[in-house]
Amino acid sequence: MQQKIVLIGGPSTGKTTVLNNLISRDFFCMEEVSREVILKAKEKGIDQLFLTEPLLFSTMLLEGREQQYKIANKTNHKLVFFDRGLPDIYAYMNYFKTSYPAVFLEKSKQYKYDAIFHFSPWKQIHTTDNERYETFEQAVTIDQFLVDAYKKLGYTITNVPFGKVEERTNFILNSLSCDL
């Protein structure tokens, strides 16, 4: 039976680095779709799509993450890792106080995950770039909105301890209840 595992946490907490480590170990992983959406918008001359049209940005993310989920269902991999899940979208919209239609919460209830691993804000590794512009303080607040969103949906959240990439990856793998 397949397990769908989501890595959650505020910006710049090490999720993607651990996901890349999982990829290097030949695990099936779904990468974050927001950077792709942001880059496509920039190609069209929209510098900060989330800030200028948050609902459009979020709708594009919803479509991308829903598609990832469907792709995962079609694979025969026992483990599928996701860099963020559908509930992240409405958590961010709540953080930005953006009104959104019920479909965002409905899809989050429809597409269920088996395990949620949380990466806490970590000041030592926090960085910004063209697609990740949140300050550390903003990342801490966003993180709380993310945790609240998943808890509201009834998920049990496992916190990933700080440490080297390999240690964090091994922690996740050792926490899963299946033969690797």
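Some observations on this one:
- Over 28 Å between alpha carbons, listed pairs LYS15/LYS97; LYS15/LYS112; LYS78/LYS151; LYS44/LYS112; LYS74/LYS123: LYS44/LYS112; LYS74/LYS123
- Helix 54-74 axis versus longest C-alpha principal axis of the chain: approximately 20°, rounded to the nearest ten.
- Where only DSSP H runs of four or more residues are counted, the chain gives -15000 deg cm²/dmol as its mean residue ellipticity at 222 nm, each run worth -39500 (n - 2.57).
- The range 82-180, relative contact order in percent, only Cα pairs under 8 angstrom and at least six apart counted: 34
- Loop-located trypsin sites (Lys or Arg not before Pro) across the range 8-95 with a Cβ neighbour count of 13 or fewer within 10 Å are ARG25, LYS44, with loop assigned by DSSP.
- Centre separation in Å (Cα based) which lies between the range 66-130 and the range 11-65: 10
- Projecting the Cα positions of THR141, TYR92, ALA115 onto the charge dipole of the chain (unit charges on Cβ atoms of Lys, Arg, Asp and Glu, taken about the Cα centre) puts ALA115 furthest along the positive direction.
- In plain terms, the residue of LEU176, LEU86 with the fewest other Cβ atoms within 10 Å comes first and the most crowded comes last, giving LEU176, LEU86.
- Computed over the range 1-130: relative contact order in percent, which uses C-alpha pairs under 8 Å that are six or more apart: 48
- Extreme residue, positive dipole direction of the range 1-86, given options MET60, GLY14, LEU39 (C-beta unit charges): GLY14
- Fewest-first sequence of ASP114, ASP143, ASP88 by Cβ atoms within 10 Å of each Cβ: ASP114, ASP143, ASP88
- Rounded to the nearest 20, the size of the Cβ-charge dipole of the range 3-175 about its Cα centre is 460 debye, with Lys and Arg at +1 and Asp and Glu at -1.
- Taking amide H as placed 1.01 Å from N in the peptide plane, the amide H of MET30 sits under 5 Å from that of PHE81, PHE82, ASP83, each at least 5 places away or on another chain.
No value in this document is a laboratory result; all are computed from the given coordinates. Not measured: the values here are computed from a predicted model. Reconstructed Cβ throughout: ideal geometry from the backbone, glycine too, with neighbour counts over all protein chains shown.
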